[in-house]
1. What percent of all Cα-Cα pairs in the stretch 15-168 falls into each 10 Å bin, going from 0 up to the bin containing the maximum distance?
2. Let me spell out the model: positive unit charges on the Cβ of Lys and Arg, negative unit charges on the Cβ of Asp and Glu, origin at the Cα centre of the stretch 15-168. What dipole size does that give, in debye rounded to 20?
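Derivation of every value follows stated rules applied to the coordinates shown; laboratory data play no part. Please read all numbers here as calculations on a predicted model, not as lab measurements. All Cβ positions, glycine included, derive from the backbone under ideal geometry; neighbour counts span all protein chains shown.
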Amino acid sequence: MSAESDTSAHGIESRIGWPIGSIAGGAFGAVAFGLVLWMLEPAIIEEAIPEFYGLNADPVVGWALHLVHGAIIGLGFGMLVTRGPILGIIRTPTETDALSRTGITLRLVGAGGVYGFAIWAILPMIALPVIGRLFGVDATTAFLGAAVETLVAHVLYGLVLGLVFALTIDLRDRPTESPIED
């Protein structure tokens, strides 16, 4: 790692770059997601998340685990959108006036929304039931019961993640691979 630091378009400096924006975006996104989840089904945070790890039901532990999950999943987003092919897709010029006027910030927010949708489709719908069966954990029932209700919360998570990431990390000078050849 070089001793130089990256500076975002908004003046935030970091020696390690995108992981900081990813973790921060994931944590802020998890707060937004958690507030929606708390209003819809507080038992998921208070009981299901801690019990999934074999812990006693506790809202503080549930919130802490939820924030850690959000930060880790945020790292996945940062890793994806900083890679040449995906960054190339985000930067690709379009032929529609509305999309061509959008900057990288709005496109990263949109990418975050898509990422949130993908997380919703993969984690509560596929991964949690499989993990629950493997380890004999019964907490997956609470997650699955609220899966459709939490679609909006997962997309909100992704939108906030994309926004915080876009505001903290400047991707304009990164090399990209053109996904579409002329």
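1. Values per bin, smallest distances first: 12, 38, 31, 15, 4, 0.
2. Numbers: 6 positive and 9 negative charges, 158 e Å.
The dipole magnitude comes to about 760 debye.
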